[in-house]
Amino acid sequence: MLVDAVIKNCRIVGIDGVVSGGIGIDGGKIVAIAKDQNLPSADEYVDAKGRFVIPGVIDPHVHYSLYRPYEEDCKSETRAAVCGGITTEALMTWGGMDKLLASYKEKFEEAKSTVERHALANVAFIACLFTDQHIREIPEYARDLGITQFKHCLFLRGKDAEALGIPSFDDTKLYTALEIASTLAPPVISMIHAENVEIYYAIKEKLMKNGRKDLRAWTEAKPSICESEAVNRVIAISEYLNVPIYLVHISSSESLDIAVQAQARGSKVIVETCPQYLSLSWKDFPENYVPAKCNPPLRDERHIEKLWWGIQKGYVHCIGSDHCASVGKGELDIWSAPAGLPGLETLLPVMLSEGVNKGRISMEKLVEVCCHNPAKVLGIHPQKGTIAVGSDADLVIVDLDESRRVKVENLHTASDFTPYEGRELKGWPVLTMVGGNIVMEDGEITGKPGVGKYIPRKFF
């Protein structure tokens, strides 16, 4: 038997343990997992040199075209993804901001074609529900487009929604969308940005009157009660309708406590957090460092350690980057600058450096929250998210001992900053494979655009 490629001398990581051996790949699929001497002959051999091999990271929370043209993000940010060991991205905004309110049926084919022309990583689409039409069409998106995850933006109401020309996402929309989702089978799930913006508006007004424009003012304007109150409200509605929900980018100890209590009651509450909420505090930056503005805001060490505890105990299920590329934030003040951080290329290094290498989590737990669980949520497991015979050959070789000092000039994102500038991270991906194709090796892009594909999810 002759196969396309063999990766030998691996430490293969799964959620249940680490095994030594190698991996045979043919036709983009894993066809053998065995001791090196028992692997089939191959056209190409890769020596992992005793390093860890993990499934390709699946990022369930990525934004394209928020602040840049959609096609430009498709060109640059997919490069950042594979250099960070991410082989599948789930896009929450896509197709262009000028088409934000259009039916996803109208913009789907063009958006799919555009991203596939440039993709080095695989792509799944998530539908953000901005309009009543979007909500009515949920069953059609699932059935016809393979979109089975739906984003609910609770922060888009009042002044901020008006400024963007977007209808307010009130509790009527929330209830109606969750009610429709409750009639549909897995993997349909509602993804919730839980935030009480009325509290934020009141605090923001006071801070602005006092002339505050510092980074800490952004954190103070959005205290944890903004998130935790909304989390509590959303969980109450989801429990009443008996519908699963996915809480995106949870940032606070209080919100996690509420989710843990709901999980203990048997509620179907999946929790996501992000590397920035596991590794960064507003205290880490100069007083007026506007680029670190993100939503939810950066908090402090108490919240950081509680979120790591949640991962360790299995209460936090997924890690998403909430990535968006932007330029020029540093030229604006804290109130007018766009919120959001680039994070595709640093998601895995942060989890390796701050998690595995600091003893907070094991490699198995990393695979669970960065690969296995996101694949389950998106409805693409065991096609992806695991190293098993028959699964796609989306694989990453990781060097746990490699240290790099992060500099934006060495990253592949179009963003002109990184919140990790100057920070040393230990543990980096050194090879990324998508569908059996090596697309990144030793920090250099080796794949051709178009390797990545759109992944429709099957609606049962």
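The values are calculated or read from the model by the stated rules, or taken from the named source; none is laboratory data. Here the structure is a predicted model, which is why all the values come from computation and not from measurement. Using ideal geometry, Cβ is built from the backbone for each residue, glycine included, and neighbour counts are taken over all protein chains shown.
Before moving on, here are some points about what is shown:
- Subset of segment 37-90 [among the polar types (S, T, N, Q), under 27 Å from Asn295 (Cα atoms) and not in a loop (DSSP other than H, G, I, E, B)]: Ser76, Thr78, Thr87, Thr88
- Arg68 within 15 Å of Val451 (Cβ to Cβ), out of contact with any Asp or Glu (no Cβ under 7 Å at 6 or more places or on another chain), of a type in the set (D, E, K, R) and not assigned by TED's automatic domain parsing to the domain that holds Asn437: no
- Applying a threshold of 9 Å to beta carbon distances and a minimum spacing of six or more residues, or different chains, the list of pairs starting in segment 30-50 at a residue that is in the same structural domain as Val434 (by TED's automatic domain parsing) and ending at one that is at pLDDT below 95 and exposed (fewer than 15 other Cβ atoms within 10 Å of the Cβ) reads Val31/Met1; Ala32/Met1; Pro40/Met1; Ser41/Met1.
- The condition of being farther than 30 Å from Glu198 by Cβ, among the aromatic types (Phe, Trp, Tyr), buried (at least 22 other Cβ atoms within 10 Å of the Cβ) and in contact (Cβ under 8 Å) with a residue 12 or more places away in the chain holds for only one of Phe169, Phe125, Phe108, Phe150, that being Phe125.
- Test for Val123: is it touching a strand residue (DSSP E or B) at 6+ places or on another chain (Cβ under 9 Å) and not in a helix (DSSP H, G or I): yes
- Among the residues of segment 35-58, the one identified as out of contact with any strand residue (DSSP E or B) (no Cβ under 6 Å at 6 or more places or on another chain) and surrounded by 16 or more Cβ atoms within 10 Å (Cβ to Cβ) is Pro55.
- Within segment 299-342, tally of residues that are small (Gly, Ala, Ser) and over 19 Å from the mean Cα position of the chain (by Cα): 4
- Test: residue in segment 340-352 that is on the phi < 0 side of the Ramachandran plot and without any contact (Cβ under 8 Å) to a residue 60 or more places away in the chain: no
- Pick from segment 358-380, criterion hydrophobic (A, V, I, L, M, F, W, C) and part of a loop (DSSP other than H, G, I, E, B), ranking: surrounded by the most Cβ atoms within 10 Å (Cβ to Cβ): Ile380
- Matching residues, segment 333-369, being touching a Lys or Arg at 6+ places or on another chain (Cβ under 9 Å) and farther than 20 Å from Lys426 by Cα: Asp333, Ile334, Trp335, Ala337, Pro338, Ala339, Gly340, Leu341
- Note on segment 212-313: enclosed helices (runs of 4 or more DSSP H) holding 2 or more residues that are more than 22 Å from Val356 (Cα to Cα) and either at pLDDT 95 or above or assigned by TED's automatic domain parsing to the domain that holds Asn357 (or both) are 215-221, 224-241, 253-264.
- Once segment 180-235 is narrowed to residues that are over 19 Å from Trp335 (Cβ atoms) and among the acidic types (Asp, Glu), the residue that is surrounded by the most Cβ atoms within 10 Å (Cβ to Cβ) is Glu227.
- Lys204 under 23 Å from the mean Cα position of the chain (by Cα) and not hydroxyl-bearing (Ser, Thr, Tyr): no
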